[in-house]
Amino acid sequence: MRNKRQDLILKKVGTLFFKQRHSKKLSRTQLAIHLNTDEKQIRRIEAGEVNLTLLTLLKLCYVLELEPQNILIIKLNDSILND
């Protein structure tokens with residue numbers, strides 16, 4: 001189970017992917033095809049409901065032309081570790 005801080009981070013990351021997808025004028029279906037997944041999974045990622053794997057994060061960054069280090073710049077503290 002995630003804590004509130006972890007949920008907030010996932011939502012922020014999801015929002016960033018959502019905005020970038022829109023700026024690239026891609027539908028969820030088009031993005032899902034590029035990632036070999038389904039539209040529902042893209043919706044869940046953008047809503048912050050999914051704790052992404054590193055590979056999924058890298059694929060999203062590649063398709064959406066984002067630099068992974070810009071996604072990973074998150075102020076971490078002890079609260080992210082507490083479950």
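Among the residues of the stretch 1-21, those identified as surrounded by 17 or more Cβ atoms within 10 Å (Cβ to Cβ) and free of Cβ contacts under 8 Å to residues at least 40 places away in the same chain are G14, F18. Evaluation of R2 against the conditions (1) assigned to a loop (DSSP other than H, G, I, E, B); (2) at pLDDT 95 or above; (3) charged (D, E, K, R) shows that the sole unmet condition is (2). Pairs linking a residue in the stretch 29-45 that is closer than 17 Å to L55 by Cβ and among the charged types (D, E, K, R) to a residue that is assigned to a helix (DSSP H, G or I) and at pLDDT 95 or above, with Cβ atoms under 6 Å and 6 or more positions apart or on different chains, are D38/A32.
The values are calculated or read from the model by the stated rules, or taken from the named source; none is laboratory data. On a predicted model such as this, the values are computed, not experimentally measured, just so you know. A quick note on method: Cβ atoms are made from the backbone with ideal geometry, for glycine too, and the neighbour counts reach across all protein chains shown.
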